[in-house]
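None of the figures in this text is laboratory data; all of them are computed from the coordinates on show. On a predicted model such as this, the values are computed, not experimentally measured, just so you know. When we count neighbours, we look across all protein chains shown, and the Cβ atoms used for this are built from the backbone with ideal geometry, even at glycine.
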Amino acid sequence: MLTEGALASDFTLDDDSGKPVSLSDYRGRTVVLYFYPRDDTPGCTKEACGFRDAYGSFVDKGAVVIGVSADTSASHARFKAKYGLQFVLLSDPGHGTLDAYGAWGEKSMYGKKFLGVIRSTVVIGPDGVIRNVFPKVKPEGHAEEILAAI
């Protein structure tokens, strides 16, 4: 379980263009790291578009927004293009980063249990320390909730 005040684990994942990106690339800036189940699904689209619509406010606060899911870089590229997303989407098909950040685990839908991405967000300060942890978030209004916290 992640704890506020702990040092965020560094990672390197491919972005939506297939280029490797590390968390440490953003040292010195506030990072909003949000984990979501799947590109182009209703809840994930709503959440991503919320971050898109509030993106200027995040930039004004000196923050970067990074989305992470198990989808491929190609899927991320299509998702970004379709909805005009301005922020980086990272691909974690092996679930290593998702697991390290507590965003991979057992879920339940229609009475069936399965493993998947748990929608959650972590705000990391410029010093690499976890400032806020938002477990099991709701897509609606989540960007505004994060803006209020940073």
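Can you list which of the trypsin sites (Lys or Arg not before Pro) found in region 33-64 are DSSP loop residues with at most 16 other C-beta atoms within 10 Å?
Sparse-neighbourhood loop trypsin sites (Lys or Arg not before Pro): R38, K61.
Order these peptides, 125-131, 65-71, by their mean beta-carbon neighbour count within 10 angstrom, highest first.
Output ranking for 125-131, 65-71: 65-71, 125-131.
Once you've got the Cα coordinates, tell me which of K19/K113; K19/K112; K61/K82 are over 32 Å apart.
The pairs that break the limit, which is 32 Å between Cα atoms, are K19/K113; K19/K112.
Amide H of D16: which non-local residues (sequence gap of 5 or more, or other chain) have their own amide H closer than 5 Å, using H built in the peptide plane?
Here L89 satisfy the definition.
Rounded to the nearest 5, what % of the DSSP beta bridges within the chain are antiparallel ones?
70 percent
Which of rounded, prolate or oblate describes region 11-94 when judged by the alpha-carbon gyration tensor and an a/c cut-off of 1.5?
oblate
Give the share of C-alpha pairs in each 5 angstrom bin for the chain, from 0 to the last occupied bin, in whole percents, shortest bins first.
Pairs per bin, as whole percents: 2, 10, 20, 24, 23, 14, 4, 1, 0.
Which is farthest toward the positive dipole end of the chain among M109, G62, S75, measuring Cα position about the Cα centre, with Cβ charges +1 (Lys, Arg) and -1 (Asp, Glu)?
Ranked along the dipole, the leading option is M109.
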